[in-house]
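Enquirer: I'd like to ask you about the structure that follows.
Bear in mind these aren't lab numbers, they're just calculated from the coordinates by the rules spelled out. Remember, predicted model here, so these are calculated numbers, not experimental data. Heads up, the Cβs are rebuilt from the backbone with ideal geometry, glycines too, and the neighbour counts pull from every protein chain shown.
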Amino acid sequence: MKKILLSLFLVGLFSNLSAQEFAFGPKFGISSTKVDFEKDNFIPGDAQTGYHVGLFTRLSFGGFFMQPEVLYTKTNGTFQINSPQPGGGSGNNTFTQDFNRLDIPVMLGLKLFNFFRLQAGPIASIDINSDLNDATNTIKNVDYKKATLGYQAGIGLDIGNLIIDAKYESSLSTITESIAGLSTDQRINQFVLSAGFKLF
């Protein structure tokens with residue numbers, strides 16, 4: 001009986017491997033980004049629009065797939081500091097952060113009806129050159145983490161060689177340790193809409 005079950009398992013495994021599909025191509029899109037804090041000293045601003053561009057690959061096994069991506073992402077966020085400002089000022093001045101990142105999401109998912117996808121997975125973000133624009137010149141520097149970890153989840157559509165993804169992204173680790181000498185728990189949350197084209 002064990003031999004029969006093992007044989008069936010191996011047949012199923014090799015059948016899936018023989019049915020695997022590989023796709024590769026460019027990908028680009030837009031995002032709506034908001035920075036959030038768990039600290040009372042900071043007030044998040046409105047969501048800001050950004051963009052991303054890069055490459056994707058997809059490896060499919062039957063109805064399951066894995067889709068790694070490498071994307072250059074440029075976006076920004078705004079916030080206020082709800083406390084006396086460094087240098088003796090006070091009030092809720094608005095600060096803008098520019099995020100330039102190399103994002104590496106790895107989506108794992110299930111394909112349904114040969115065109116609809118459910119997907120979720122981790123995303124690693126490497127800081128390239130993020131910065132804070134401070135018109136009041138009260139914040140001298142912000143130490144951004146070199147790399148952070150997050151997750152994405154959403155849906156996708158395959159229409160011929162065109163792929164469309166709609167995902168929500170959130171951070172699992174903080175972006176900065178402190179801003180203006182104040183401890184932070186700053187994280188990025190964003191909605192991502194992107195399109196790609198299968199070259200093969």
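Enquirer: Show me the ranking of peptides 187-193, 46-52, 73-79 by mean Cβ neighbours inside 10 Å, starting with the highest.
Expert: Listed from highest to lowest mean packing, they are 73-79, 187-193, 46-52.
Enquirer: Ok, one more. What is the local net charge at THR78, summed over the other residues whose Cβ is closer than 15 Å to its Cβ (Lys, Arg +1; Asp, Glu -1)?
Expert: Charge balance near THR78 sits at -3.
Enquirer: Oh, and also: Around LYS146, with a cut-off of 11 angstrom between Cβ atoms, what is the net charge of the other residues, counting Lys and Arg +1 and Asp and Glu -1?
Expert: Net charge in that neighbourhood comes out at 0.
Enquirer: Still on this structure, please answer the following. Go through the stretch 150-158 residue by residue and turn each phi into a ³J(HN,Hα) via Karplus (6.51, -1.76, 1.60, θ = phi - 60°); whole Hz please, and just put x for glycine and proline.
Expert: Values, residue by residue: x, 9, 10, 8, x, 10, x, 10, 10 Hz.
Enquirer: Now for a different question. Whole-Hz Karplus ³J(HN,Hα) for the stretch 52-61, in order, using 6.51 cos²θ - 1.76 cosθ + 1.60 and θ = phi - 60°, x for Gly and Pro?
Expert: 8, 8, x, 10, 9, 10, 9, 10, 10, 10
Enquirer: Would you kindly derive the ³J(HN,Hα) couplings of the stretch 186-197 from the backbone phi angles with the Karplus curve 6.51 cos²θ - 1.76 cosθ + 1.60 (θ = phi - 60°), listing them in order in whole Hz, with x for Gly and Pro?
Expert: After applying 6.51 cos²θ - 1.76 cosθ + 1.60, I find 7, 9, 9, 10, 8, 9, 10, 10, 9, 9, x, 9 Hz.
Enquirer: A follow-up question, please. What does the charge add up to near GLU69, with Lys and Arg as +1, Asp and Glu as -1, over the other residues with Cβ less than 11 Å from its Cβ?
Expert: +1
Enquirer: How large is the translational diffusion coefficient of the stretch 21-197 in µm² per second when you combine the Kirkwood radius over alpha carbon pairs with Stokes-Einstein at 25 °C and 0.890 mPa s?
Expert: The Stokes-Einstein estimate is 143 µm²/s.
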